[in-house]
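Beneath this line is the structure, given in C-alpha cells, with notes to follow.
The values are calculated or read from the model by the stated rules, or taken from the named source; none is laboratory data. As the structure is a prediction and not an experimental result, all values here were calculated from the model. Note: ideal-geometry Cβ built from the backbone for every residue, glycine included; neighbour counts use all protein chains shown.
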Amino acid sequence: MDVTVLIANRGEIAARIARTCARMAIPSVAVYSDADATALHVTAADSAQRIGSAHPRESYLCIPAIIAAAERSGARYVHPGYGFLSENADFAEACAAAGLTFIGPSPAAIRAMGGKAAARLLAEASGVPCLPGDAGADQSEEALLAAATRIGFPVMVKAVGGGGGRGMRRVADAAAFPAALAAARREAAIFGDDRMLIEKLVESARHIEVQILADSHGNVLHLHERDCTLQRRHQKLVEECPAPGMDAALRAELGRRACALARAVGYVGAGTVEFIAEAPLRAESIWFMEMNTRLQVEHPVTEMVTGLDLVEWQLRIARGEALPFTQADIRLDGHAVEARLCAEDPARQFLPSPGHLTALSLPAEAPGLRVDSGVRVGDIVTAYYDSMLAKIIVHAPTRALALQRLADALDSCRTGGVRLNAGFLAAALRSDEMREARMDTGFLESARKRLVESALKEPA
C-alpha cells in the first residue's frame, strides 16, 4: 500500500495503527487536539495535524476539521480507529465526497447496523436468533411500558443509537420503568437519537462476540469468538479468546450466524457481531445483541490466537485486495486474555481519575506478552477522553496459564498522579469465579468491594 493513511483518533489505538503502518512502510498522519499536542500517538505517526481544541466536539468529533487535516497532509486513506467517528455514516460519506477512502464498511452498512432496532430486524430476517424484545415503533412511554410488560420484567431499556454502555437501564418492574426510561433518554441525547428499544434481560449473562473479516470480493470469514463478560457500567474491562465453555460445533454455529448477518448487510472490512448468552453455553441460549461496524478495543486477543494483524487486513481490504485464506485456514492457537488499564478508582465506583501522570511502569513486551499503550510519563490524563491508558495482553497455551500470567503482569503496573485499576483487575483474574468461568456481566460490580479488598492485600 503506497499511499498515506490519516488516523482519525487518539491514544493507544492511534499509536497501534501507526505501528502497523510503519511495519507495512505506509506513511501515517496523526491528528491531535490542543490537549494532545505532545501525546504519544502524535510522535508514533510520521507527521501530525492539529484539528482543534480539547473538547471532542471541536476536534476528534469535528468532521470538517478531520477532512481538512487529511487534505492538508495529502493523505488519501482515513482510518477511524474505534470510538469517536468510527461508526458515523456521515463521516464515511464525507470522506468519500472528499475523494478519501474510509477504512471501514460502507455508509449504508454503518447505518443498517448502527441503529439497534434496525439491526435487530435485519438479524431476524437473516435467521439470527434475537432476544424477546420490541423495536419500539411507538416511542411513547405508554407503548414502551406495555411492550416491557408483554416481554416480562426484568427488561433492559436500550438507546437505539447508543454505545459504550450509555443509554442503557436495567428495569426490575413496572414501577421503576418511567424513571429508567427518562434516564436512558437523557444519556441517549449525546448520540442525537433518544429512541429506545426494549429487550428481555438475561440474568447471569455472558457477553460473547464474533470477529468477522470481509473483503469486496464476496469473501466473509469469522476469526472465532471472544468472551467480554467482565464489565463495569456495561463497558468491558477484560476480554479473552476463545470463550470458555465454547466447543467446536457451537463456535461454528455462532460464526455462521455472524457471517450471515455480515453478508446480509453487504459488509466489507473488520467488524464484530455481539451476542448475549445464558450459561451453560448452548445454541438455543445465545442471542444477537448488536453489530459493531469497526475495529474493537479487544481485537489483540484475536490477533494473538490467529496470528493475523487485523489493522493490516483492514488496510489491505480498503485497497481492494481479496482475502488469500479460507475459513479452514484460520487457526486457534492457545488462549489470550486482555485487561484494560484505566485511570479510575474501583474503590469509588470506578470514578475516573484524571491528573498529571508523574510516573508510569508497565511490563516489558516479551513473547506472549503485548502492551498497547497510549500514554507516557508527563502526560496529562484529562477528563475530556476515555480513561483507558493502556492494554496488557497475554497469550499462553492454556486459559489457566494466561490468566495467571496476566494477573502477574498487572501486579507490576505502577502510576503516579492518577489512580489505576490494575490491582483490582488482577484480583478479578485470580477470583474463583473467573478461574472456574462462573462470571457474568454483573460480576465486577457485585464483587467490587471484595475485589478491592483483595487487591489491597496483594504485596506491593
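Of all residue pairs spaced 6 or more apart or on separate chains, those with beta-carbon atoms under 8 Å, a first member in region 149-162 that is touching a residue at least 40 places away in the same chain (Cβ under 8 Å) and a second member that is aromatic (F, W, Y) are V157/F177; A159/F191; G161/F191; G162/F191.
Please enumerate the residues belonging to region 167-205 that are within 23 Å of D440 (Cβ to Cβ) and either in the same structural domain as A437 (by TED's automatic domain parsing) or in contact (Cβ under 8 Å) with a residue 40 or more places away in the chain (or both). Across region 167-205, the qualifying residues are M168, L197, I198, E199, K200, L201, V202, E203, S204, A205.
For region 395-433, which positions are among the charged types (D, E, K, R) and under 17 Å from M304 (Cα atoms)?
Pass one, region 395-433, residues among the charged types (D, E, K, R): 399, 405, 408, 411, 414, 419, 430, 432-433.
Once the filter is applied, which keeps residues that are among the charged types (D, E, K, R) and under 17 Å from M304 (Cα atoms), region 395-433 yields R399, R405.
Residues in region 439-460 that are in contact (Cβ under 8 Å) with a residue 40 or more places away in the chain and either more than 22 Å from the chain's Cα centre (by Cα) or surrounded by 17 or more Cβ atoms within 10 Å (Cβ to Cβ) (or both): M439, D440, T441, F443, L444, R448, L451, V452, A455, E458. Checking R316, R376, R294, R340 one by one, the residue that is assigned to a strand (DSSP E or B), of a type in the set (D, E, K, R) and either outside the structural domain of Y32 (by TED's automatic domain parsing) or in contact with an Asp or Glu (Cβ under 6 Å, 6 or more places away or on another chain) (or both) is R340 and no other.
Residue by residue through region 362-372, note down the ones that are touching a residue at least 12 places away in the same chain (Cβ under 8 Å) and either part of a loop (DSSP other than H, G, I, E, B) or touching a Ser or Thr at 6+ places or on another chain (Cβ under 7 Å) (or both). Steps first, answer last, please.
So the first thing to find is which residues in region 362-372 are touching a residue at least 12 places away in the same chain (Cβ under 8 Å), and the list is 362-363, 368-372.
Result: L362, P363, G368.
For first residues located in region 318-347 and touching a residue at least 12 places away in the same chain (Cβ under 8 Å) and over 22 Å from E298 (Cβ atoms), partners that are surrounded by fewer than 14 Cβ atoms within 10 Å (Cβ to Cβ) and of a type outside the set (F, W, Y) and lie 6+ apart or on another chain with Cβ distances below 6 Å form the pairs A322/H217; D345/L351. Here A118 passes the criteria (1) farther than 27 Å from Y384 by Cβ; (2) crowded, with 22+ Cβ neighbours inside 10 Å except the one numbered (2). Could you please tell me which pairs satisfy a Cβ distance under 9 Å, a separation of 6+ or placement on different chains, a first residue in region 3-16 that is on the phi > 0 side of the Ramachandran plot, and a second residue that is of a type in the set (D, E) and buried (at least 24 other Cβ atoms within 10 Å of the Cβ)? Note: pairs meeting the criteria are G11/D36. May I ask you to list the residues in region 404-457 that are farther than 15 Å from P346 by Cβ, touching a Gly at 6+ places or on another chain (Cβ under 9 Å) and in a helix (DSSP H, G or I)? Scanning region 404-457 gives R405, D411. Scanning region 58-90 for residues that are surrounded by 23 or more Cβ atoms within 10 Å (Cβ to Cβ) and either without any contact (Cβ under 8 Å) to a residue 12 or more places away in the chain or of a type in the set (A, V, I, L, M, F, W, C) (or both) yields I66, A69, A70, A75, V78, L85.
State all residues of region 379-414 that are among the small types (G, A, S) and touching an Asp or Glu at 6+ places or on another chain (Cβ under 9 Å); if no residue qualifies, say none.
Quick first cut of region 379-414, residues among the small types (G, A, S) only: 383, 387, 390, 396, 400, 402, 407, 409, 412.
Matches in region 379-414: S387, A390, A402.
The single condition from (1) surrounded by fewer than 19 Cβ atoms within 10 Å (Cβ to Cβ); (2) closer than 24 Å to R450 by Cα; (3) in contact (Cβ under 8 Å) with a residue 40 or more places away in the chain that R376 fails is (2).
Answer yes or no as to whether A125 is surrounded by 23 or more Cβ atoms within 10 Å (Cβ to Cβ) and either under 20 Å from V3 (Cα atoms) or more than 18 Å from the chain's Cα centre (by Cα) (or both).
On the way: surrounded by 23 or more Cβ atoms within 10 Å (Cβ to Cβ): no; either under 20 Å from V3 (Cα atoms) or more than 18 Å from the chain's Cα centre (by Cα) (or both): yes.
Judged against the criteria, A125 is not a match.
Residues checked against (1) more than 21 Å from D372 (Cα to Cα); (2) surrounded by 24 or more Cβ atoms within 10 Å (Cβ to Cβ); (3) outside the structural domain of G374 (by TED's automatic domain parsing):
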| position | (1), (2), (3) |
| --- | --- |
| I13 | no, yes, yes |
| R19 | no, no, yes |
| R23 | no, no, yes |
| Y32 | no, no, yes |
| G52 | yes, no, yes |
| G114 | yes, no, yes |
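Take the residues in region 222-274 that are within 23 Å of L403 (Cβ to Cβ) and in a helix (DSSP H, G or I); name whichever of them is farthest from the chain's Cα centre (by Cα). The qualifying residue farthest from the chain's Cα centre (by Cα) is A248.
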